[in-house]
Amino acid sequence: MKNIYKIFAALFLIVSVSSCSDFLDRKNPAYDSEGFYKTEEGLKEGVTGIYPLLYFDMNWAVPACIVLDHYTAYGLEQDENRSIGAGGALNPDNSKIQTFWSGEYSIIARANSVIDGAKDAIDGMSDAAKQYYAEARVIRAYAYYNLVSAYGDVPFFTAPVTVDQYKEGRTDKATILDFIIKDLKDAAEYLPWTSVQRGRVDKAVAKGLIARIGLFGGSFNVDNRGEEYFRTAAEAAKDVIDNSGRSLAPNFEDLFNNTGQTKSEVRSELLWELMYSTQGTKKLHTVGYGHSSRNYGSSVRFPSTMIVDTYECIDGKRIDESPLYDPRKPSANRDPRFKATLAGHGDTIAYTNTDASFPQLMILNTYDEKTRFYPRRNRWYSAPNVDVIAASPSLANNGVGFLWRKYANEITEPLMSSSMNIALMRLSEVYLSYAEAKIELNELDETVYEAINTVRRRAGMPDISADRIGNQDKMRQLVRRERKVELVMEGMLFVDVRRWGISDMLNEFPSYGQPLPEIRYEGLAETDIPNFKTDERHDLNDIPSYQAYKEKLRVRDKNRFWEPKFMWWPIPRLETDRDPNLTNPEY
């Protein structure tokens with residue numbers, strides 16, 4: 001489907017004859033063939049071999065970036081109180097914590113082999129070779145950022161590691177962040193703004209990563225240099241906005257389906273993607289299948305009501321402040337990104353099972369044992385509703401009334417074997433990163449308002465309201481809200497909730513959902529609207545309370561809780577057993 005995917009056809013051959021064990025990449029060619037990476041062709045093959053490692057799965061054929069937001073209160077996995085975002089399963093023996101650690105360090109191990117193998121020769125090599133070398137440095141920085149954002153201080157190596165060397169314990173965040181920022185700045189000089197080969201990193205990605213890292217360092221005031229980090233983030237993001245030549249796609253929905261992803265304007269916004277294809281060396285995923293109705297999918301991950309209620313009404317006001325909001329029709333009159341991202345009771349869903357030339361329709365129904373489908377003899381018909389009657393995981397049994405439509409709104413192929421690309425970085429994130437950094441610096445000017453308005457206008461939302469202009473707290477609230485509704489299920493909120501320090505509020509109550517079957521949506525009162533103003537922190541961060549009418553709502557995760565130590569994941573037990581200097585004193 002995507003002929004540009006062919007650039008990765010050789011990747012899996014390289015990986016199939018290699019093996020990575022976290023830091024230790026002992027079967028990499030650099031160990032066996034002196035000078036392997038000192039030629040342009042060898043360097044090219046080595047860097048090309050790093051890319052497949054980005055695809056490591058956190059669930060069945062589902063990459064990490066999709067799963068991460070489900071470890072916050074904005075997403076839910078099928079099992080109650082077992083998500084590592086709810087606290088109960090957050091321990092050193094959790095297999096997902098090990099998978100994430102191993103996946104990122106496998107990337108670093110391969111990148112270190114390539115970088116170290118070429119470092120003595122790179123100055124005299126061709127411009128193309130220098131570009132490949134820069135790509136390796138960018139991907140390594142990406143992996144280290146992911147590790148620091150999940151575990152805090154982590155082991156840090158910039159060259160291949162032997163078993164004996166793996167005894168150095170953790171390195172502080174400041175050292176790692178400063179190194180990768182500098183490395184990204186240096187690497188960016190050898191990269192084009194837009195890679196010729198889709199799916200490879202370029203200057204826009206390198207600068208976008210600097211912006212991510214700067215926001216992280218600034219939010220945590222790492223090494224007491226918060227202002228410096230925010231400044232770094234703002235400068236890098238502005239460079240992409242002003243000089244990359246990239247622009248937002250006109251249609252938000254196009255970013256998350258196969259048809260839209262063929263458009264040049266979508267390519268412009270998708271700075272970095274995991275590439276999938278049905279051609280050549282096939283690479284497929286099951287993201288949409290896991291997020292879909294049990295009538296045609298597997299229903300194992302869901303949006304929470306907290307993210308559902310974050311979307312503004314079309315007038316640009318939060319649901320507790322807008323006269324357009326009706327709790328009995330929660331999908332009506334909302335930010336258009338709502339229906340592009342979510343599907344709820346009464347919504348029509350299009351899907352395909354095996355024959356992509358014959359898409360089907362169904363009415364999502366969270367209450368009744370039958371629902372409506374189309375077509376049968378070109379007519380709607382009634383049939384059993386597996387979302388309600390299934391004994392296995394389903395929307396009614398495990399969700400809270402809504403499904404993800406993002407990455408699941410696809411009719412050109414079955415979602416169980418999807419070739420839709422997955423975004424690792426989009427230009428809209430860079431706009432919002434610029435705005436957030438400037439807001440935190442309290443430098444509110446027209447460039448900040450324009451950055452946010454650019455994202456909102458594309459979505460079909462009104463410009464920033466006049467009462468926010470010049471008000472740091474109101475602008476902080478808005479940019480955080482925009483990041484949630486624009487970037488949810490792209491792995492951004494996993495880090496954002498840590499940066500903003502809001503996990504205690506997100507986890508203070510169980511997960512509330514749709515009205516109970518005996519009440520249904522039509523049984524709610526006009527006043528059954530969540531309260532966002534229990535205090536200033538909740539209001540600032542758009543965190544709703546359902547306590548006033550909780551008896552009317554479905555509830556799950558009754559044992560959800562939060563402790564300060566959950567800010568950082570524990571080092572996996574396998575790693576602490578391997579390195580006596582790695583410890584988890586809080587766990």
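The values are calculated or read from the model by the stated rules, or taken from the named source; none is laboratory data. As the structure is a computational prediction, the values presented were derived from the model and not from experiment. Here the Cβ is made from the backbone with ideal geometry for all residues, glycine too, and neighbour counts use every protein chain on show. All accessible areas refer to the heavy atoms of the entire protein, side chains included, with ligands and DNA or RNA removed. Shrake-Rupley method; radii C 1.70, N 1.55, O 1.52, S 1.80 Å.
Among the residues of this structure, Val495 counts as one that is open to solvent by less than 20 Å² (accessible area, probe 1.4 Å) and either on the phi > 0 side of the Ramachandran plot or among the hydrophobic types (A, V, I, L, M, F, W, C) (or both). Scanning the stretch 163-176 finds one or more residues that are assigned to a helix (DSSP H, G or I), buried (at least 18 other Cβ atoms within 10 Å of the Cβ), out of contact with any Cys (no Cβ under 6 Å at 6 or more places or on another chain) and among the aliphatic types (A, V, I, L, M).
Being free of Cβ contacts under 8 Å to residues at least 40 places away in the same chain and surrounded by fewer than 17 Cβ atoms within 10 Å (Cβ to Cβ) is a property that Asn471 has. Checking each residue in the stretch 410-429 for being polar (S, T, N, Q) and either closer than 19 Å to Tyr351 by Cα or touching a His at 6+ places or on another chain (Cβ under 9 Å) (or both) picks out Thr412, Ser417, Ser418, Ser419, Asn421. Yes or no: the stretch 443-461 includes at least one residue that is in a helix (DSSP H, G or I), open to solvent by less than 50 Å² (accessible area, probe 1.4 Å) and aromatic (Phe, Trp, Tyr). The answer is yes, given that some residue of the stretch 443-461 is in a helix (DSSP H, G or I), open to solvent by less than 50 Å² (accessible area, probe 1.4 Å) and aromatic (Phe, Trp, Tyr).
Could you grab me the full set of residues in the stretch 321-340 that are in a loop (DSSP other than H, G, I, E, B), touching a residue at least 40 places away in the same chain (Cβ under 8 Å) and either open to solvent by 70 Å² or more (accessible area, probe 1.4 Å) or in contact with a strand residue (DSSP E or B) (Cβ under 7 Å, 6 or more places away or on another chain) (or both)? Selection gives Tyr325, Arg328, Lys329, Pro330.
Counting only residues that are touching a residue at least 24 places away in the same chain (Cβ under 8 Å), closer than 20 Å to Arg476 by Cα and of a type outside the set (Phe, Trp, Tyr), which one in the stretch 209-221 is most open to solvent (accessible area, probe 1.4 Å)? Among those residues, the one meeting the criterion is Ser219.
Just to be sure I understand the filter: pairs with C-beta atoms under 6 Å, separated by 6 or more residues or on different chains, first member in the stretch 278-299 and on the phi > 0 side of the Ramachandran plot, second member open to solvent by less than 50 Å² (accessible area, probe 1.4 Å) and of a type in the set (Ser, Thr, Tyr). Which pairs pass? Hits for this filter: Ser299/Ser394. Applying the set (1) within 24 Å of Ala64 (Cα to Cα); (2) assigned to a helix (DSSP H, G or I); (3) over 18 Å from the mean Cα position of the chain (by Cα) to Arg198 leaves exactly one unmet item: (2).
Table: residues versus (1) over 23 Å from Lys207 (Cβ atoms); (2) surrounded by fewer than 23 Cβ atoms within 10 Å (Cβ to Cβ); (3) touching a strand residue (DSSP E or B) at 6+ places or on another chain (Cβ under 8 Å).
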residue	(1), (2), (3)
Arg231	no, yes, no
Asp254	yes, yes, no
Lys282	yes, yes, no
Ser304	yes, no, yes
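Cβ separations smaller than 6 Å between residues 6+ apart or across chains give the following pairs from the stretch 384-413 residues that are farther than 21 Å from Lys558 by Cα and modelled with pLDDT under 95 to residues that are surrounded by fewer than 24 Cβ atoms within 10 Å (Cβ to Cβ) and of a type in the set (Gly, Ala, Ser): Ile411/Ala350; Thr412/Ala356; Glu413/Ala356. Within the stretch 538-562, residues that are farther than 27 Å from Asp496 by Cα sit with their Cβ atoms under 7 Å from residues that are surrounded by fewer than 18 Cβ atoms within 10 Å (Cβ to Cβ) and of a type outside the set (A, V, I, L, M), at 6+ positions apart or across chains, in these pairs: Ala548/Asn531; Tyr549/Asp528; Lys552/Asp528.
Yes or no: Glu486 over 30 Å from Lys207 (Cα atoms), open to solvent by less than 20 Å² (accessible area, probe 1.4 Å) and among the acidic types (Asp, Glu)? No; evaluated as a whole, the condition is false for this residue. The single condition among (1) under 22 Å from the mean Cα position of the chain (by Cα); (2) surrounded by 21 or more Cβ atoms within 10 Å (Cβ to Cβ) that Ser417 does not meet is (2).
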